[in-house]
Amino acid sequence: MGGLIAGKGFPLSDFAGYKGSGIGMSIDRERTRRAYLNGQWIATDRQIEIVNPATAQVFARVCAIDREHMKTALDAAEAAFPSWRGQTAKERGELLHRAADRLKERRDEIARTITLENGKPLAQSKGEVDMSEDHLRWFAGEARRGSGRTVPHHAPGKRHLVVKTPIGVVGAIAPWNFPLVLAVRKIAPAMAAGCPVILKPASQTPLCAIALAECLESAGVPPGVFQLAIGQAAMIGEALLTNPICRKISFTGSTKVGKDLLRGAADSVKPLSLELGGHAPLMVFEDCDLDRAVQQTLIAKFRNTGQSCIAANRIYVQNTIYREFLGRFVGAVASLRAGPGLEEGVDVGPLINQQALDGALAQIEDAANHGGRILTGGRRLAGSPGYFLEPTVIEGMDDGALCMTEETFAPVAPVTRFETEEEVIGRANRSSYGLSAYAMTRDLGRIFRLSEQIEAGTLGINDGAPTVSQAPFGGVKQSGWGRELGSEGLEAFLETKHVSIGGI
Ligand code: NAP
């Protein structure tokens, strides 16, 4: 574990004060952000460079941990478990509330950091901080509701209790697209349940995870209860899978890596929660409120530059209103402003990296080869070194086009027609994914039919942003296993034990 220097991390404001392009910004090695393990900020030999996707320039460095550090982290988490689970649920909840207070105090600065490392428009980053604070407060309350039950006895002189206990040390793996809130969605319920957590943030976006560690530290988190594993993903994943100290992995990311983790968990039968990819259908029915339908479709598609697991991926519009909806929608998309997320008035930021940009351009080309017509956008944004794609609408490609079968993760909206409700439900469900779906309709009967027949974990009716702390979130089919948020979010980190008492 060479090169360890115990000490304090640099304040995040070092980066939050950084403005605009970052071109030519020198990297001060002394300012490399440190790793947070066992209550200490440590420097390591290896560093990860953090790129601002709006400029394609490195603007920060973060210390990466190695195998030895991982072992230290797991040992520290194991050591911290007895006293953390021994705290009352009220005490654990109060700590989460204090962390939420710190997050709120630092809202603007942490939002700037999210925009710098992820690219999303600043207002959306502020929304992400707000939702993270709300998740912390929700699970601070849920900590006190993680109760078991008694069940009727079967024989005289016996009693039966159902007891809930924390599952143990948790490995939490988060992606880059909502780097703060998706981490909080795991660590808040795990800590509320009494579990120590080791968080592995995405390598592109570790800075707001560091900010979260600072908030938890100043809220008084005991050493080993929350730790940060920033570094090589396969090494960290293997350590979490193979070390028996880790009792559960909660993963959000691609279906491909989710499947790798599933295979890796087979030997030890380690429980996994998996929040994986999506390919959401959005259905616009003829009875909808058109203004609302356009507005909510814009949100469902272009929020976070289309890089959301619940982003509308395939837009189906009923024949009778097809032209009218499309005209309004294309007008609205054409008026979206793409640019650096820190600039005022920007609606759509850059994609996360060159690979994401290339993938989106390949889907656009493929759609054109499948009969699609580009109605607006379709190209890389001119004059910027960042990974920007013009907000794009394509119509008329067939259902075999990649954008109709694969997750897009870009500001690309493919629009196509349908005739009947039955037909569109069939086409919506024809996917290996099932994370979310959307419908624009005011027909109550249809709302019930869709609620029962659409294969997805979340259905937004006239609602392009359906996620809330108090409702469960997760997928069916290859979109994952388990649920986050709601009361189910806490349940994911609790074991259920039956205690049978005789001789009463
Ligand atoms: P990803 O490549 O699967 O990475 C996600 C996280 O897993 C990152 O922290 C990554 O680390 C880590 N990772 C990669 N390989 C690993 C391994 N072998 N063992 C352990 N960890 C490993 O996904 P992404 O590209 O960041 O995120 C986009 C995907 O996430 C999309 O498919 C999206 O739909 C999905 N997503 C799902 C939800 C949901 O709630 N269902 C929410 C958001 C995103 P490195 O960064 O170091 O590689």
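The values are calculated or read from the model by the stated rules, or taken from the named source; none is laboratory data. If you're wondering where the values come from, they're calculated on a predicted model, not measured in any experiment. Virtual Cβ from ideal backbone geometry, glycine too; neighbours counted across all protein chains shown. Surface accessibility is based on the protein's heavy atoms, side chains included, excluding ligands, DNA and RNA. Shrake-Rupley method; radii C 1.70, N 1.55, O 1.52, S 1.80 Å.
Here are the numbers for the structure shown:
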{"item": "Surface/4 of the Cα convex hull for the chain, nm²", "result": "24.9 nm²"}
{"item": "Whole-angstrom gap from the range 418-480 to the range 253-278, using each part's C-alpha centre", "result": "24 Å"}
{"item": "Neighbour net charge for Gly502 - beta-carbon separation under 11 angstrom, K R +1, D E -1", "result": "+2"}
{"item": "Mean separation of Cα contacts under 8 Å (6+ apart) over length of the chain, as relative contact order %", "result": "17 percent"}
{"item": "Per residue accessible area in Å² of the range 280-474, where ligands, DNA and RNA are left out and the probe is 1.4 Å", "result": "38 Å²"}
{"item": "Sequence-distant residues sharing a close amide H with Arg106 (under 5 Å, placed H)", "result": "none"}
{"item": "Heavy-atom accessible surface of the chain: percent carbon and sulfur, 1.4 Å", "result": "51 percent"}
{"item": "Solvent-accessible surface (1.4 angstrom probe) belonging to Arg144, in square angstrom, nearest 10", "result": "150 Å²"}
{"item": "Relative contact order [Cα under 8 Å, 6+ residues apart], the range 280-474, whole percent", "result": "28 percent"}
{"item": "Listed residues His279, His154 arranged by accessible area, highest first, probe 1.4 Å", "result": "His154, His279"}
{"item": "FRET efficiency, 1/(1 + (r/R0)^6) with R0 25 Å, evaluated for Glu91 and His153 via beta carbons", "result": "0.15"}
{"item": "Calculated P(r) of the range 359-406 - Cα pairs past 12 Å, %", "result": "58 percent"}
{"item": "Antiparallel content of DSSP bridges confined to the range 133-289, in %, to 5", "result": "15 percent"}
{"item": "Residue pairs, from the table Lys186/Lys248; Lys200/Lys497; Lys120/Lys248; Lys71/Lys200; Lys200/Lys256; Lys256/Lys477, whose Cα atoms sit over 19 Å apart", "result": "Lys200/Lys497; Lys120/Lys248"}
{"item": "Accessible-area ranking of Val225, Val151, largest first, probe 1.4 Å", "result": "Val151, Val225"}
{"item": "Over the range 280-474, volume per residue of the alpha carbon convex hull, in Å³", "result": "118 Å³"}
{"item": "Nearest-10 value in Å² for the accessible area of Asp398, using the 1.4 Å probe", "result": "70 Å²"}
{"item": "Considering only the chain, percent of DSSP beta bridges that pair antiparallel, nearest 5", "result": "45 percent"}
{"item": "Under Karplus coefficients 6.51, -1.76 and 1.60, residue-wise ³J(HN,Hα) of the range 489-504 in Hz, glycine/proline x", "result": "x, 6, 3, 4, 10, 10, 8, 10, 10, 9, 10, 9, 10, x, x, 8"}
{"item": "Nonlocal amide H pairs with Leu381, under 5 Å, H built at 1.01 Å", "result": "Phe388, Leu389, Glu390"}
{"item": "Potential extension, Thr420-Ala234 segment - 0.36 nm per residue separation minus Cα distance", "result": "62.3 nm"}
{"item": "Per-residue HN-Hα couplings for the range 40-48 [Karplus 6.51, -1.76, 1.60; θ = phi - 60°; Hz; x = Gly/Pro]", "result": "10, 9, 10, 9, 10, 6, 9, 10, 10"}
{"item": "Heavy-atom SASA rank of Lys259, Lys270 (probe 1.4 Å, accessible area, largest first)", "result": "Lys259, Lys270"}
{"item": "DSSP bridge orientation in the range 280-474 - percent antiparallel, rounded to nearest 5", "result": "15 percent"}
{"item": "HN-Hα J in Hz across the range 169-177 - Karplus 6.51, -1.76, 1.60, θ = phi - 60°, x for Gly and Pro", "result": "5, 10, x, 10, 10, 10, x, 8, 6"}
{"item": "Backbone N under 17 Å from the Asn319 label point (7 Å along Cα→Cβ), restricted to the range 281-299", "result": "284-287"}
{"item": "Glu419 accessible area, assembled protein chains, probe 1.4 Å, Å²", "result": "110 Å²"}
{"item": "Net charge of neighbours whose Cβ lies under 12 Å from the Cβ of Val257, counting Lys and Arg as +1 and Asp and Glu as -1", "result": "+2"}
{"item": "Surrounding net charge for Arg292, when Lys and Arg each add one and Asp and Glu each subtract one, Cβ distance under 10 Å", "result": "-2"}
{"item": "4 °C / 1.567 mPa s Stokes-Einstein diffusion coefficient of the range 366-447, Kirkwood radius on C-alpha pairs, µm²/s", "result": "89 µm²/s"}
{"item": "Helix-derived mean residue ellipticity, 222 nm - over the chain, DSSP H n ≥ 4, -39500 (n - 2.57), to 500", "result": "-11500 deg cm²/dmol"}
{"item": "Amide N proximity, the range 411-447 versus Gln470 label position 7 Å along Cα-to-Cβ, cut-off under 15 Å", "result": "none"}
{"item": "Distance between the range 282-336 and the range 193-240 - C-alpha centres, whole angstrom", "result": "37 Å"}
